[in-house]
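The values are calculated or read from the model by the stated rules, or taken from the named source; none is laboratory data. Because the structure is a prediction, the values reported are computed rather than measured. Cβ sites come from the backbone with ideal geometry, for glycine too, and all protein chains shown count toward neighbours.
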Amino acid sequence: MADIPKIEIRNVGRIFRKRGVNEDFHALSDFSLTVREGEFVTIVGPSGCGKSTLLDVLVGLSEANEGEVLIDGRPVHGPALDRGIILQGYALFPWRSVRKNIEFGLEIKRVPKKERAERASRFIKLVGLEGFENHYPFELSGGMQQRVAIARSLAFDPEVLFMDEPFAAVDAQTREAMQDELLSIWEKTGKTILFVTHSIEEAVGLADRVAVMSKSPGRVKEIVEVGLPRPRRVSQVRDTTDFNVITHRVWELLQDKPPESLKVRQPGMDIGEAILPDAII
């Protein structure tokens, strides 16, 4: 099993029929990506490039017209509990407390009541919500609600975690705190994470690798190796030269510009040797 990728996306295409016209819309075309076990990979691309459509296919909510998706070598043909997903809208049950929201997936898996309570308590502590176990979603801030969503997804122990713009709805200060919190949780759990975002800084700050998508129909344009040391906090690396070099490269890819402003990083070269243009130093 060690040689089998955790997630393997092979030449996936997703086609929709446009309403009212006899014409197809290609949201994804020949999309391929491999994610290793325990890896944190982010996906960034222009609006409308098919990022959310891709996650629908990966989770099993939508069927690809072409290609295939495998998790641990097994084809994906529908939703299953080996996959967790976190959306930007939290998707919490308003009639359930923090604890009961976190226990929801465990109830579906028919985990005994005592074990459910113990596991929920462990993840409540992990995401820093001790003291709020019996609060309801309307009593929590946006950042706290997203912590509940993360804890709920982790509690039922999915093989992989898909995240679709999970921090887009919170303010900048909360977003930065949640990014660092997510990295801390990932370091402790070792989960495989595929994270979709519009933010270049977020994509680079969180990831081992950044998959940059092309305009619609979406495909992988280039995969950028991040290489920043771990353990890492986005708030601590944002002002470093290495971080700026990588974010500028991702920006160039999204702008369809050649990498003329940067020295190409050669194998073995320290990323700090790359040359930054004066405009972004």
Report summary line: Across the stretch 166-195, the tally of residues that are closer than 20 Å to Ser47 by Cα and modelled with pLDDT of 90 or more stands at 2
**Report entry** Residue that is farthest from Leu182 (Cα to Cα) [pool: residues in the stretch 116-157 that are without any contact (Cβ under 8 Å) to a residue 24 or more places away in the chain and aliphatic (A, V, I, L, M)]
**Finding:** Ala117
Query raised in the report: Looking at (1) touching a residue at least 60 places away in the same chain (Cβ under 8 Å); (2) crowded, with 19+ Cβ neighbours inside 10 Å, can you tell me which one Arg14 breaks?
Result: (1)
Query - Residue match in the stretch 4-17 (condition: among the acidic types (Asp, Glu) and outside any strand (DSSP E or B)) - result: no
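Given the structure, is Val196 touching an Asp or Glu at 6+ places or on another chain (Cβ under 6 Å) and more than 23 Å from Gly142 (Cβ to Cβ)? Steps first, answer last, please.
Values: touching an Asp or Glu at 6+ places or on another chain (Cβ under 6 Å): yes; more than 23 Å from Gly142 (Cβ to Cβ): no.
When the stated conditions are applied, Val196 does not pass them.
Residue by residue, here is whether (1) out of contact with any Cys (no Cβ under 9 Å at 6 or more places or on another chain); (2) surrounded by fewer than 16 Cβ atoms within 10 Å (Cβ to Cβ); (3) assigned to a loop (DSSP other than H, G, I, E, B); (4) not acidic (Asp, Glu) holds:
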{"site": "Val21", "(1), (2), (3), (4)": "yes, yes, yes, yes"}
{"site": "Val41", "(1), (2), (3), (4)": "yes, no, no, yes"}
{"site": "Ser47", "(1), (2), (3), (4)": "yes, yes, yes, yes"}
{"site": "Thr53", "(1), (2), (3), (4)": "yes, no, no, yes"}
{"site": "Arg96", "(1), (2), (3), (4)": "yes, no, yes, yes"}
{"site": "Arg99", "(1), (2), (3), (4)": "yes, no, no, yes"}
Requested in this report: Could you run through the stretch 66-94 and say how many residues are surrounded by 18 or more Cβ atoms within 10 Å (Cβ to Cβ) and out of contact with any strand residue (DSSP E or B) (no Cβ under 7 Å at 6 or more places or on another chain)?
Outcome: 2
Report summary line: Per the filter on the stretch 101-115, residues part of a loop (DSSP other than H, G, I, E, B), charged (D, E, K, R) and free of Cβ contacts under 8 Å to residues at least 24 places away in the same chain are Arg110
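Determine which member of the set Ser153, Ser97 is among the hydroxyl-bearing types (Ser, Thr, Tyr) and modelled with pLDDT under 90.
Working: Ser97 fails: modelled with pLDDT under 90.
The match here is Ser153.
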